[in-house]
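Visitor: Let me give you the structure first, and then I'll get to my questions.
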Amino acid sequence: MLGIALALLVRLAWSILLGPEGHYFDSAGVRIHYTDEGWGTPVLLVHGFGMVANVEWRMPGLIGALSKEYRVIALDARGHGRSGKPYNPNQYGIQMVEDLVRLMDHLKIEKAHVVGYSMGGFITSKWLPCTPNAC
């Protein structure tokens, strides 16, 4: 009986950490979860390693604050949260960058403010094109 109660408690805690279920799209065969809230100029939020968008951005109040003036899109990166978790290591790395491009294409967004924290910062920095003056 204690085992069942503990399992239910863990499931409830995990559900709280994952946050509200949003939307999904297919990114080269991997199901990616994202939320899309607010109106205006798009802001794409990319969380850090081992986190989920809900814990990184919603729980501290960032999605709520930003969505008052912006369209806020926050994804669970592949391998995290409600997104797919491929077993093949080749399905990570640059594919995580491509997920952002595919998400924007899926939502028909031409350009957006992009915010990445920790791992999300590395992902977004790989996305930005290098020029002779800056990379």
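Visitor: Over the chain, what relative contact order in percent results from Cα pairs under 8 Å that are six or more residues apart?
Guide: 27 percent
Visitor: Considering only DSSP beta bridges whose two residues both sit in the chain, what percent are antiparallel, to the nearest 5?
Guide: Roughly 55 percent of the beta bridges in the chain run antiparallel, per DSSP.
Visitor: If you wrap a convex hull around the Cα atoms of the chain, how much volume per residue is inside, in Å³?
Guide: Taking only Cα atoms, the chain has a hull volume of 129 Å³ per residue.
Visitor: Give the Debye-formula value of log10 I(q)/I(0) at each listed q (0.19, 0.26, 0.27 Å⁻¹), with one equal scatterer per alpha carbon of segment 1-72, two decimals each.
Guide: Values returned for q = 0.19, 0.26, 0.27 Å⁻¹ are -0.86, -1.21, -1.24.
Visitor: What percentage of the solvent-accessible surface of the chain, computed with a 1.4 Å probe over protein heavy atoms, is contributed by carbon and sulfur atoms?
Guide: Carbon and sulfur atoms account for 62 percent of the accessible area of the chain.
Visitor: Using a Debye calculation, one point per C-alpha and no hydration shell, please list log10 I(q)/I(0) for segment 70-124 at q = 0.14, 0.15, 0.16, 0.21 Å⁻¹ in order.
Guide: Scattering profile of segment 70-124, log10 relative to I(0): -0.38, -0.44, -0.50, -0.86.
Visitor: Sort 80-93, 62-75 by packing, meaning the average of other beta carbons within 10 Å per residue, with the highest value first.
Guide: 62-75, 80-93
Visitor: Rounded to whole Å, give me the distance from the Cα center of segment 60-86 to that of segment 17-45.
Guide: So the separation of the two Cα centres works out to 6 Å.
Visitor: Using a 1.4 angstrom probe on the protein heavy atoms only, line up Leu8, Leu103 by accessible area, largest first.
Guide: Largest accessible area first, the residues go Leu8, Leu103.
Visitor: Report the full-extension gain for the segment Trp14 to Ile109: residue separation times 0.36 nm, less the Cα-Cα distance, to one decimal in nm.
Guide: 31.1 nm is the gain from fully extending Trp14 to Ile109.
Visitor: If you look for lysine pairs in the chain that are eight or more places apart or on different chains, how many of them have Cα atoms under 22 Å apart?
Guide: Lysine pair count for the chain: 5.
Visitor: Which FRET efficiency value, to the nearest 0.05, do you get for Met1 and Met59 by plugging their Cβ-Cβ distance into 1/(1 + (r/R0)^6) with R0 = 35 Å?
Guide: 0.65
The values are calculated or read from the model by the stated rules, or taken from the named source; none is laboratory data. Note that the structure is predicted; figures quoted are calculated from it, not measured. Glycine also receives a Cβ, built like all others from the backbone with ideal geometry; neighbour counts cover every protein chain displayed. Accessible surface areas use protein heavy atoms only, side chains included; no ligands, DNA or RNA. Shrake-Rupley method; radii C 1.70, N 1.55, O 1.52, S 1.80 Å.
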